[in-house]
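A short write-up of the structure that comes next.
Coordinate-derived values only; no laboratory data. None of these values were measured; they are calculated from a predicted model. Ideal geometry is used to build each Cβ from the backbone, glycine not excepted, and the neighbour counts take in all protein chains shown.
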Amino acid sequence: MKNRNITQFIEREFEMEKIVSLCKRRGFIYQGSEIYGGLAGTWDYGPLGIALKKNIENLWWKRFVLDREDMYGMDAAILMNQEVWKASGHVGGFSDPLVEDLKTQKRYRADHLLEANNINPAGMTLSDMDAIIKERGIMSPDGNQLGNVRQFNMMLKTTIGAIESDDNISYLRPETAQGMFVNFKNVVDSFHPKLPFGMAQIGKAFRNEIAPRDFIFRVRELEQMEIEYFVDPRDQDSVNKIFDELFDDQMEFLKQDLGLSEHRIHKVDIDANDRAHYSARSVDTEFDFPFGQKELLGLAYRTDYDLNAHINASGADLTYFDESTKERFVPHCIEPTFGLGRLILATLSDAYHEDEMDGESRVVLKLDPKVAPYICAVSPLLKNRPELQEKARAVFTMLKKKFGRVIYDDNGNVGKRYRRQDEIGTPFCIVVDFDTLGAGDSVNPERKDEVTVRDRDTGKQVRVAIDMLIDYMIEKIQ
């Protein structure tokens with residue numbers, strides 16, 4: 001059993017290396033500041049990576065904001081008054097367990113070292129971790145003795161203005177949530193929403209991770225897609241129902257919008273001892289990444305913790321007035337949270353396949369058409385024939401105007417184009433040939449003004465009339 005686990009680990013690591021290599025080679029994701037040796041925990045999204053990222057963002061925004069009547073979009077500032085982070089508890093408590101290699105002074109997450117030694121750190125205090133590290137004789141990855149486990153605050157501190165002083169301290173926000181909580185009163189005063197209602201935001205967050213790892217899974221600069229959904233605490237049955245509905249919405253987003261494989265998605269109810277201090281109920285959604293089953297999404301019932309914290313610290317009135325009952329109270333909050341980088345990594349790892357087609361091995365990203373950087377690629381059968389180029393360009397322009405996510409590709413022969421488009425996840429390749437033009441001695445006159453459409457996953461090719469091509473593509477991508 002032990003040997004099989006080691007083999008599975010090596011296979012997963014190898015798969016992860018292939019995904020990272022593909023991402024760089026094909027322009028999805030590059031190492032941040034690469035020409036200067038890189039900067040750990042930072043990644044740059046290339047042309048295909050930003051296209052994939054924007055598609056996921058747009059699908060999320062459509063499902064959770066545009067298609068609903070009870071959701072209000074936000075884009076709060078990254079820099080906030082330092083009192084916000086004191087009130088929320090981040091200045092005093094946003095930390096990870098740190099342990100240091102006594103010889104090299106390299107720092108590591110203590111819980112990650114325990115996990116690497118097949119010890120589950122869930123629910124452990126700092127002293128518990130420290131005791132187990134000493135009892136088991138756990139060493140650093142370099143084989144050296146470790147120091148005592150201590151807390152490490154993950155906030156990235158900066159200063160505002162020309163003078164560095166305690167009064168001018170600010171932080172790069174570690175989460176987007178607080179920007180919505182401090183704007184609760186503004187949204188209520190501007191729009192007078194009835195409970196329940198939510199606020200949604202997509203934005204950057206920053207965490208001074210001790211040891212970034214696993215490609216874009218654990219990074220220092222990330223993007224979150226979060227919702228703070230405010231509910232009436234006087235009706236707990238309704239609160240529980242809304243919590244479950246939001247979880248179902250998360251699952252539908254993963255499976256229907258992103259096309260992720262259901263068998264790789266796992267629901268994990270978080271025990272009371274392991275929940276965040278503000279949460280009365282938490283459910284994580286974990287995913288089978290190449291490096292193991294890890295957290296993908298979170299859903300937490302934050303009660304009135306955040307609004308009360310800001311009421312007490314700021315003195316502002318963040319209560320809600322119920323016109324029907326003439327009562328004033330502090331709403332409770334349910335928070336679905338999505339890490340955009342982790343969703344991208346899940347999408348890429350789920351789509352990555354190696355198989356054989358037409359007697360040749362190939363790498364293919366079987367991306368859902370809704371998230372693929374390009375819906376289709378258009379090309380002429382031969383690059384050096386102007387009449388084919390002209391017709392292919394006309395087809396490309398027509399599709400580009402309608403769908404946007406269309407690429408023109410005439411580099412190399414048709415076979416090489418197919419393999420290249422397979423590798424970047426393009427669902428369909430469209431080829432203009434001599435039959436399309438109705439020209440040449442061996443053409444089939446019945447195929448004039450038709451193009452060949454080739455399916456990425458099956459390799460099957462069909463002829464489609466140019467004037468029916470848009471309808472055909474709409475049907476396929478839906």
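Here the chain carries DSSP beta bridges of which approximately 85% are antiparallel, counting only pairs with both residues inside.
Could you name the aspartates and glutamates whose alpha carbon sits less than 19 Å from that of Lys476, not counting residues in the same chain fewer than 8 places away? Reachable aspartates and glutamates: Asp257, Asp368, Asp422, Glu450, Asp455, Asp457, Asp467. Ranked by the mean number of other Cβ atoms within 10 Å of their residues, highest first, the peptides 135-148, 26-39 come out as 26-39, 135-148.
Looking at the square roots a ≥ b ≥ c of the eigenvalues of the Cα gyration tensor of segment 141-189, which shape do they give, rounded for a/c under 1.5, prolate if a/b is larger than b/c, or oblate? In terms of gyration-tensor shape, oblate.
Here the relative contact order of segment 351-419, from alpha carbon pairs under 8 Å that lie six or more residues apart, stands at 28 percent. The ranking of Thr436, Thr337 from fewest to most other beta carbons within 10 Å of each one's beta carbon is Thr337, Thr436.
Charge tally for Thr325 (other residues, Cβ to Cβ under 13 Å; Lys, Arg +1; Asp, Glu -1): -1. Take the convex hull of the alpha carbons in segment 72-152; its mean projected area over all directions comes to 7.9 nm². Taking 15 Å as the straight-line reach from the Cα of Lys241, the aspartates and glutamates in range (excluding those fewer than 8 positions away in the same chain) are Asp232, Asp249, Glu335. Of the Cα atoms belonging to segment 35-120, the radius of gyration and Dmax stand at 20.0, 58 Å. Each 20 Å bin from 0 upward holds the following percent of the Cα-Cα pairs of the chain: 20, 47, 27, 6, 0.
Sorted from longest to shortest, the spans of the Cα atoms of segment 203-349 along the three principal axes equal 53, 32, 29 Å.
Once you order the gyration tensor axes a ≥ b ≥ c over the Cα atoms, which shape class does segment 185-265 get: rounded for a/c under 1.5, otherwise prolate or oblate by comparing a/b with b/c? It is oblate, given that a/c is not under 1.5 and a/b is not larger than b/c. For segment 285-414, the mean projected area of the C-alpha convex hull, equal to one quarter of the hull surface, is 15.5 nm². Please state the shape class of segment 289-332: rounded when a/c is under 1.5, otherwise prolate if a/b exceeds b/c and oblate if not, all from the C-alpha gyration tensor. Since a/c reaches 1.5 but b/c is at least a/b, the shape of segment 289-332 is classed as oblate. For a 18 Å ceiling on Cα separation, which of these pairs sit above it: Lys53/Lys366; Lys255/Lys370; Lys24/Lys402; Lys255/Lys366; Lys106/Lys294? Too far apart for the 18 Å limit: Lys24/Lys402; Lys106/Lys294. Straight Cα distances below 19 angstrom link Lys86 to the lysines Lys157, with same-chain residues fewer than 8 positions distant left out. Using a cutoff of 8 angstrom between alpha carbon atoms and counting only pairs six or more residues apart, the relative contact order for segment 302-350 works out to 37 percent. Based on DSSP H segments of at least four residues, each scored -39500 (n - 2.57), the chain has a per-residue ellipticity at 222 nm of -10000 deg cm²/dmol. Taking amide H positions as modeled 1.01 Å from N, with prolines and chain starts lacking one, the residues under 5 Å from Gly438 and 5 or more places away or on another chain are Asp449. Over the chain, Cα pairs under 8 Å with separation of 6+ residues give a relative contact order of 12 percent.
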